[in-house]
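Written out below as structure tokens is the structure these notes cover.
The values are calculated or read from the model by the stated rules, or taken from the named source; none is laboratory data. Here the structure is a predicted model, which means the values were calculated and not measured. Positions of Cβ are backbone-derived with ideal geometry, glycine not excepted, and every protein chain shown enters the neighbour counts. Protein only, heavy atoms only, side chains kept; ligands, DNA and RNA dropped before computing areas. Shrake-Rupley method; radii C 1.70, N 1.55, O 1.52, S 1.80 Å.
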Amino acid sequence: MKTNVDVLVVGGGINGVGIARDAVGRGLSVMLCEKDDLASHTSSASTKLIHGGLRYLEYYEFGLVRKALQEREVLLRAAPHIISPLRFVMPHMPHLRPAWMIRLGLFLYDHLSSRDILLGSRGIQFKTHPSGQPLRESITKGFVYSDAWVDDARLVVLNAMDAQERGATILTRTKMVAAKPSEQGWQVELIDTHQRPFMIQARTIVNATGPWVSSLINESIHPKSITPRNEIRLVKGSHIVTKKLFDHDHAYIFQNPDNRIVFAIPYLHQYTLIGTTDLEYKDDPNQVTINTDEIRYLCDSVNTYFKQSIQPTDVLWDYSGVRPLLEQEDTKNASAVTRDYHLELDAPTAGAQLLSVFGGKITTFRRLAQEAVTLIQPAFANHHANWTDTASLPGGDIANADFNSFCVKIEQSYPWLPADLARRYAGNYGTRMTTMLKQANSIADLGEELSPGLFELEAQYLVDVEWAQQADDILWRRTKLGLSATPESTQRLQQWLEHYRSRESSN
Ligand SMILES: Cc1cc2nc3c(=O)[nH]c(=O)nc-3n(C[C@H](O)[C@H](O)[C@H](O)COP(=O)(O)OP(=O)(O)OC[C@H]3O[C@@H](n4cnc5c(N)ncnc54)[C@H](O)[C@@H]3O)c2cc1C
């Protein structure tokens, strides 16, 4: 392992891995450290939308919305296996926002950026549109528009894989604890997964620690030589998952009387994902959980619109995360705080620079990464141009970004795989599915079924190629099979992992 690099990226959420990938692709030597698993915090707790953010138009955030709208099609092309177009139905409640205002917003949404893949918006009558079926009879018309769905945790892992394949070192369960600037660069102390400290030297540190951005500057940079010019505001958001509440492939966007919006999204064929809340958060970002008021709020939001009502007892799973938002002094309401980002560059010595990331969205991570690397690049004798706008992510090199045709080919190539398993593998791994399946020719070749739907061959690949170490890494982030796991199968998987990893490390 190199101990002297151009760039140390701290944080393996979407912004950290995006920056590591961009930087190594521009010829810099890069190391990334993540204190837990990749995507174990905010970047696996999102609503999983690649979206312009229709409601940000109300806050006149045209620049942010435009940038995010442009990114939808760039990302749909880069990773069509984990990102897919999604149509959103907005039932119209005349007392909340007038129809002319929604029409104007959707017109802007359709035209602020060019579209090839995604369809435009239109008005609909629920009597004749399939999305009307679960809605209360009093709701007669609405609108439909496009955004995209993403497997957020896999987007993180694919960026990390791409960075590693281009030469970056990715260290998970490795924490940065201290950094001291010198004329030669930063002397950085890291602690590895076995709690062993080690030192590296880096010309630039990128602080992509999301909710921890200010604490990293205030607590780990010694002597205290940098005062952050921006601040972060932590806003908790929670989601619930129920069995599926409707039988079509559109999502709903519900407007609430408190001016917030809640999505109800088809999730993994059998479920509905409902979120999110927006609550000020002052506690430890490592320990964020949903509370009973949030569950009630999300159930009530859905019950206002759907005929079939849901109760807290219908919740099968929930998750929460904290948005690391850019603090704005004039904004009291958590929902109104900007989702844009700010990059702060400091140079405590001539040889050491620190770039800190404040705010952001999954949708804009690639643009953020591009701007971040452009900012740090002048310190290096290296002027490679931007490159990520046309590059695929691992497994995303699918002809014409046409995922459905790709699935048809997969089913023909692997006639022995059950159709739902073939589709899940195609969606998780894209063209890397052949690498994952090695020479397998039958279900028996996949090995033992460690947890429902998870066979040994896939688990091995996730350990060998995708940094999975614990059962949760596999069940909740590399796949979403946690929803069908049992306590016994989770324990079996954990034991299998310990055995497999100890065998691998002794080889
Ligand atoms: C409820 C909710 C819904 C959202 N929905 C959407 C959405 O639909 N679409 C969208 O575009 N955006 C959405 N977002 C926003 C998006 O999820 C975040 O902007 C994004 O995930 C932030 O990524 P990050 O890399 O900055 O932070 P994180 O993902 O939190 O990553 C930071 C990482 O730094 C690590 N770290 C911290 N300190 C250290 C250290 N000392 N050493 C090593 N590692 C360290 C942490 O362990 C963490 O993994 C949502 C956010 C929330 C909370």
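With the crude spin-label approximation of a point 7 Å out along Cα→Cβ, what separation in nm comes out for Glu280 versus Ala381?
Roughly 5.3 nm, to one decimal.
Below 10 angstrom from the Cβ of Ala369, what's the summed charge of the other residues (Lys, Arg +1; Asp, Glu -1)?
Computed value for this residue: +1.
Got a sec? What order do His51, His239, His95, His269 fall in by accessible area at 1.4 Å, biggest, i.e. largest, first?
Largest accessible area first, the residues go His269, His95, His51, His239.
Over all directions, what mean area does the Cα convex hull of segment 207-324 project, stated in square nanometres?
9.0 nm²
Could you state the principal axis extents of the C-alpha atoms in segment 72-151, from the largest down, to the nearest angstrom?
42, 26, 19
Quick check: Cα centre of segment 247-320 to Cα centre of segment 162-185, how many Å?
37 Å
Quick one: if you take sqrt(5λ) for each eigenvalue of the C-alpha gyration tensor of segment 23-123, what semi-axes come out, biggest first, whole angstrom?
32, 17, 14
Once ligands and nucleic acids are excluded and a 1.4 Å probe is used, how much of Phe263 is accessible, expressed in Å² to the nearest 10?
20 Å²
Round to the nearest 10 and report in Å² the accessible area of Ser442, as given by a 1.4 Å probe over the protein chains' heavy atoms.
Answer for Ser442: close to 40 Å² accessible.
Leaving ligands and nucleic acids out of the surface, order Phe88, Phe455 by accessible area at 1.4 Å, largest first.
If we order Phe88, Phe455 from most to least accessible, we get Phe455, Phe88.
How large are Rg and Dmax for the chain when calculated on the C-alpha trace, in angstrom?
Rg then Dmax for the chain, in Å: 22.8, 70.
So for Lys480, Lys141, what's the accessible-area order with a 1.4 Å probe, most first?
Descending accessible area places them as Lys141, Lys480.
Using 7 Å Cα-to-Cβ label points, what is the Lys409/Gln187 separation (nm, one decimal)?
According to this spin-label approximation, the distance is 5.4 nm.
Suppose the chain between Gln491 and Met1 were pulled fully straight at 0.36 nm per residue; how much longer would it get relative to their current alpha carbon spacing?
Length difference between fully extended and current span is 173.1 nm.
Can you check what the net charge comes to around Gly11, using other residues whose Cβ is under 12 Å from the Cβ of Gly11 (Lys, Arg +1; Asp, Glu -1)?
0
Using 1/(1 + (r/R0)^6) with R0 = 22 angstrom and r between the beta carbons of Lys243 and Lys127, what's the FRET efficiency to the nearest 0.05?
It comes to 0.25.
Extent of segment 403-506 along each principal axis, from alpha carbon coordinates, in Å, largest to smallest?
Principal-axis extents of the Cα atoms in segment 403-506, largest first: 38, 30, 23 Å.
Using a 1.4 Å probe over the heavy atoms of the protein chains, calculate the carbon and sulfur portion of the accessible area of the chain as a whole percent.
51 percent
Cα-Cα pairs above 15 Å in segment 214-280: how many percent?
66 percent
Which entries of Lys236/Lys361; Lys243/Lys282; Lys282/Lys361; Lys175/Lys438; Lys244/Lys480 show an alpha-carbon separation above 23 angstrom in the structure shown?
Among Lys236/Lys361; Lys243/Lys282; Lys282/Lys361; Lys175/Lys438; Lys244/Lys480, the Cα-Cα distance tops 23 Å for Lys243/Lys282; Lys175/Lys438.
Report, by chain and number, residues whose modeled amide H sits under 5 Å from the one on Leu450, excluding near sequence neighbours (fewer than 5 apart, same chain).
Phe455, Glu456
Net charge near Ile221: determine it from the other residues with C-beta under 12 Å of the C-beta of Ile221, scoring Lys and Arg +1 and Asp and Glu -1.
-1
Taking Cα centroids, how far is segment 25-42 from segment 396-437 in Å?
With segment 25-42 and segment 396-437 each reduced to a Cα centre, they are spaced 28 Å.
So which trypsin sites (Lys or Arg not before Pro) in segment 282-321 are both in a DSSP loop and have at most 13 other Cβ atoms within 10 Å of their Cβ?
Within segment 282-321, the qualifying trypsin sites (Lys or Arg not before Pro) (loop, at most 13 other Cβ atoms within 10 Å) are Lys282, Lys307.
State the extension gain, in nm to one decimal, for the chain segment bounded by Ser442 and Met101, taking 0.36 nm per residue of separation less the distance between their alpha-carbons.
117.1 nm
What ³J(HN,Hα) values, in whole Hz, does the Karplus curve 6.51 cos²θ - 1.76 cosθ + 1.60 give for segment 21-30 when θ = phi - 60°, with x put for Gly and Pro?
5, 4, 5, 5, x, 9, x, 8, 8, 9
Pull up all non-local amide H partners of Ile170: gap of 5 or more, or a different chain, and H-to-H distance under 5 Å with H placed in the peptide plane.
The list, which skips near neighbours in sequence, is Leu32.
Would you compute, from DSSP H runs of 4+ residues alone, the mean residue ellipticity of the chain at 222 nm, taking -39500 (n - 2.57) per run and dividing by the full residue count, rounded to the nearest 500?
It lands at -9000 deg cm²/dmol.
Measuring with a 1.4 Å probe in the full set of protein chains, what accessible area per residue, in whole Å², belongs to the chain?
Per residue, the chain has 42 Å² of solvent-accessible surface.
Need the C-alpha centroid separation for segment 95-129 versus segment 344-391, integer Å.
Computed from Cα coordinates, the inter-centre distance equals 35 Å.
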